[in-house]
1. How far apart, in nm, are two points set 7 Å out from the Cα along the Cα-to-Cβ line at residue 48 and at residue 127?
2. Leaving out same-chain residues fewer than 8 places away, which lysines sit with a Cα under 25 Å from that of residue 140?
3. Would you mind calculating the gained length between residue 28 and residue 1 on full extension (0.36 nm times residue separation, minus the Cα-Cα distance), in nm to one decimal?
4. Sorted by packing (mean other beta-carbon atoms within 10 Å per residue), highest first, where do 149-156, 100-107, 137-144, 17-24 land?
5. Once every DSSP H run of n ≥ 4 in the chain is given -39500 (n - 2.57) and the sum is divided by its residues, what mean residue ellipticity at 222 nm do you get, rounded to the nearest 500 deg cm²/dmol?
6. Dipole size in debye (nearest 20) for region 40-111 around its Cα centre, Lys and Arg Cβ +1, Asp and Glu Cβ -1?
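Read-outs: derived from the displayed coordinates by stated rules, not from any lab. Treat the numbers as computed from the prediction; the structure is a model and nothing was measured. Cβ placement follows ideal geometry from the backbone for every residue including glycine, while neighbour counts extend to all protein chains displayed.
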Amino acid sequence: MTIEETCLKDCYVLKPTIFEDHRGYFFESFNADKFQKMTGLTINFVQDNESKSSKGVLRGLHFQTGDYEQSKLVRVVKGAVLDLCVDIRRGSLTFGQHFSVELNEDNKKQLFVPKGFAHGFLVLKNETIINYKCDNFYQKDSEGGILFNDKDLNIDWGISEDEIILSDKDKILPTLSEYLNEK
């Protein structure tokens, strides 16, 4: 496994070593010891989530707050997504900045999203299955979100907004500045 630093502190792209032969392939999707040695971070994942979506679906930008903040390790089992995270940690040198990477079934890359980040993904292929590990349990009362097209964040999702499919809840999320002013 190789781990690449991103432009955002504590946010990493993991690329597994894949062993392929005539039978198929094998790879280690996560190894806590290697991760800690390469990043200095100790992670204890306690919950795995999986979703299936159609092309054009955008889920996010979501996060958990307080005692239920979550770090996530995101990967695509089938299909492809543009996976994106935004640093919303007040006082961070990269506050308000975002990073994106294509995760797909062929490159098998994973994105490590640390606590204090909003996370979302745009589905690039029909029947895409995404799986992510979390280091804390989901708590509905601690969920939060940022509007995907917040003008101050200036995120290029790569498609026009009228092609994006959102949940009703994601359509009415606050901008980052609105969220911060609520707190």
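1. Going from the residue 48 label point to the residue 127 one covers 2.2 nm.
2. Correct list for residue 140: 52, 72, 115, 169, 171, 183.
3. Numbers: separation 27, 0.36 × 27 = 9.72 nm, distance 0.79 nm.
Residue separation times 0.36 nm, minus the Cα-Cα distance, leaves 8.9 nm.
4. Numbers: 149-156: 14.2, 100-107: 17.0, 137-144: 12.5, 17-24: 8.0.
Averaged packing, sorted descending, gives the order 100-107, 149-156, 137-144, 17-24.
5. Values: 3 runs with 19 residues, N = 183.
The helix-only estimate for the chain comes to -2500 deg cm²/dmol at 222 nm.
6. On the way: 10 positive and 9 negative charges, 29 e Å.
In debye, rounded to 20, region 40-111 gives about 140.
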